[in-house]
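Bear in mind these aren't lab numbers, they're just calculated from the coordinates by the rules spelled out. Being a predicted model, the structure only gives us computed values, none of them experimental. Cβ placement follows ideal geometry from the backbone for every residue including glycine, while neighbour counts extend to all protein chains displayed.
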Amino acid sequence: MEALLLIFKTIALKDIFDILLVTIIIYQLTHFIQRTRALQMVFGLSILLLLFISGQYFKLNTLNWILGNVIDKSFLILIILFQDQIRQWLAKFGKQENFLKYLHKVSKNLDYEEIVDACLKLKSKKVGALIVIEREHGLHNYIQTGTKINSNVHSEILQTIFNTSSPLHDGAVIISGNKLMAAGCFLTLSRSSKLDKAMGTRHRAAMGLCEETDALTIVVSEETGKISVFYNKNFIKLSNDEKLFEILRRFFAVEDSNIENIFQEYKNGVM
């Protein structure tokens, strides 16, 4: 009992704060790597560490020399192995804490009727399209991969960009604020098992973006003409044309905490 009281007396407020921060970071990391490829890599590294400890105990010199060199460069190895996971975790951690909330605001003046009109006309012609709407996470690095447009959002411009004879039709269009910022942008492809094998590159690019950012992405399938909407690692295939307008209307009208409800209501057949 006296030892316990002594420990409490020696712990300062900054120590408690320090322990709390480390606990939060460890929790976030372990929660993030669950059911991902990173989990298998963590297990693999744990086995190497156990082998190193065993080698030290049994004095296995060759094994100690090899694993010792690996461990000496472990920090660099971890960055290389987990570069995708680190990037995604930092983006997710920043989103949860709303660090960028006051630095970037979603435009409530975006004329989404123009987007809906373009998507429906492209759908009727079975012309593929990939339209990204930026929210709180900046997409400047993706915008840099495409051709700068910086125009108002118009249905005719979107249809022209995605016309099969256009050199920009294979990439993504990125809308920031109420401006069409760039076209022909390259996005990272997702390896998610949620996507059907029949889904093409545009769908995988849309999922890849919504795994790393909070952007809303609309895909018009070139093969089927169907429209899908992606957000926060989820997607829905729209059953009729009116749903796209309703989703975008509500998407820009509700608070951030209710956005996921739109997808859930659609999946449950409420809307």
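Run the numbers on segment 112-267 and let me know its relative contact order in percent, using alpha-carbon pairs under 8 Å that are six or more apart.
Computed over segment 112-267, the figure is 25 percent.
Taking a ≥ b ≥ c as the square roots of the Cα gyration tensor eigenvalues, with a/c under 1.5 meaning rounded and otherwise prolate when a/b beats b/c, else oblate, which class fits segment 167-266?
Judged from the Cα gyration tensor, segment 167-266 comes out rounded (a/c under 1.5).
Calculate the length of the line joining the C-alpha centroid of segment 52-79 to that of segment 130-198, in whole Å.
46
Please give the length that would be gained between L60 and A253 if that part of the chain were fully extended, namely 0.36 nm times their separation in residues minus their C-alpha to C-alpha distance (nm, one decimal).
63.0 nm
Label-point separation (nm) for N152 and F17, each offset 7 Å from Cα along Cα-to-Cβ?
Simple spin-label model gives 5.1 nm for this pair.
Compute the distance in nm between two label points, each set 7 Å from the Cα along the Cα-to-Cβ direction, one at T201 and one at Q144.
Roughly 2.3 nm, to one decimal.
Please find the FRET efficiency linking K237 to T30, where r is the Cβ-Cβ separation and R0 is fixed at 51 Å, and quote it to the nearest 0.05.
The calculated FRET efficiency here is 0.95.
Search the structure for amide H atoms under 5 Å from the amide H of K125, placed 1.01 Å from N in the peptide plane, and list their residues when 5 or more places away or on another chain.
Amide H to amide H, under 5 Å and 5 or more residues apart or across chains, K125 pairs with nothing.
Can you give the FRET efficiency for H137 and S166, using 1/(1 + (r/R0)^6), R0 = 30 Å, r = Cβ-Cβ distance, to the nearest 0.05?
0.65
What residues qualify as long-range amide H neighbours of L180, i.e. H under 5 Å apart, gap of 5 or more or another chain, H built at 1.01 Å from N?
S151, N152, V153
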